[in-house]
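Peer 1: Just dropping this structure here.
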Amino acid sequence: EVNNDGVIAGEVFIPPQNPDGKSYLHAPVWIGSPEDYVAHDLGTLGGDFAWSEARSISEPDADGNVWVVGTSTDASADPQIYRGMLWQVDPAGNVLSMTDLEPTSNNVDANDVRVIGDSVFVAGDFVPESPNVQARIWESDLSGRVAERTDLGTAEFNAYQGNALNNDGDVAGT
C-alpha cells in the first residue's frame, strides 16, 4: 500500500539465514522517491523463524510519523501464532514503537489503519474462541499504547472481519 507521500508498506522475502534454508517474509516500509527508495525493516516479534507482513499504512500524523499495521509471528510459541501489529515509523524510517494489539489472544489480523485527531484506529479481527472470529477496532494514542478495544457486531449479527476504515472511523468488513 502507498500513502499520499509515496511511503510504501508491504513485504519482502529475506534470504535464507536459518538452518532450515527457508526464506521468510518481513514487513518493510520504503521511503524516498522512485529513483532512490530505501527499505526499512519493521521487525518481528522474534524467534528463529519469525515473519511479518505490512497490510496498510496511514497518512503522516502531526509529527510526520506514519503508522503501519499488519501481522507478525511469535516464533517462540508452539504452535506458532500470529499477532496483529501496529508500528510507528518516523520520516527517516526508524521504528519508534511496535505494538502487539491483542497480546492475550492468538491469531490476530490487523488490516487497516487511520490517524484521526490524536488517535490511531486499526480495523481487524481476532479469534477469542476457536473457531469463532470477531471483528474489532483498536484505538491507540500517538505513542502506540492501545487505549480502547471495540468489538463489532450485535447479538443478532456477528461481524467477522474489520477490513477497511474511512477517515471518520467507519469500518467495512464481513
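Peer 1: Show the residue pairs meeting these rules: Cβ distance below 9 Å; 6+ apart or different chains; first residue within the range 111-135 and farther than 18 Å from R55 by Cβ and at pLDDT 95 or above; second residue of a type in the set (G, A, S) and in a strand (DSSP E or B).
Peer 2: S119/S140; S119/A147
Peer 1: Select from the range 42-61 the residues that are at pLDDT below 95, within 25 Å of D141 (Cβ to Cβ) and open to solvent by 10 Å² or more (accessible area, probe 1.4 Å) and list them in ascending order.
Peer 2: Of everything in the range 42-61, those that are at pLDDT below 95, within 25 Å of D141 (Cβ to Cβ) and open to solvent by 10 Å² or more (accessible area, probe 1.4 Å) turn out to be G43, T44, L45, G46, E53.
Peer 1: Another question about this same structure. For the subset of the range 3-41 comprising residues that are acidic (D, E) and surrounded by fewer than 16 Cβ atoms within 10 Å (Cβ to Cβ), which member is modelled with the lowest pLDDT? Working first, answer last.
Peer 2: The first filter runs over the range 3-41 and keeps only residues acidic (D, E), leaving 5, 11, 20, 35-36, 41.
Pick out the ones that are also surrounded by fewer than 16 Cβ atoms within 10 Å (Cβ to Cβ) and you get 5, 20, 35-36, 41.
Details: D5: 94, D20: 65, E35: 87, D36: 92, D41: 92.
Taking the candidates together, the pick is D20.
Peer 1: Applying the selection to the range 54-76, what residues are closer than 19 Å to N163 by Cβ and in a loop (DSSP other than H, G, I, E, B)?
Peer 2: Within the range 54-76, S58, E59 qualify.
Peer 1: Further question: Consider only pairs whose beta carbons are under 6 Å apart and that are at least six residues apart or on different chains; among these, list those whose first residue lies in the range 139-157 and is open to solvent by less than 80 Å² (accessible area, probe 1.4 Å) and whose second residue is aromatic (F, W, Y) and at pLDDT 95 or above.
Peer 2: Hits for this filter: E139/F121; V146/W138.
Peer 1: Still on this model: Here's a check for you: in the range 70-103, which residue that is at pLDDT below 95 and of a type in the set (D, E) is least open to solvent (accessible area, probe 1.4 Å)?
Peer 2: Restricting to residues being at pLDDT below 95 and of a type in the set (D, E), the top hit is E102.
The values are calculated or read from the model by the stated rules, or taken from the named source; none is laboratory data. In this text the structure is predicted, and so the values were computed from the model without any measurement. For neighbour counting, all protein chains shown are included, and Cβ atoms are generated from backbone atoms with ideal geometry for every residue, glycine included. To get the accessible areas, we keep the full protein, side chains included, count just its heavy atoms, and leave off ligands, DNA and RNA. Shrake-Rupley method; radii C 1.70, N 1.55, O 1.52, S 1.80 Å.
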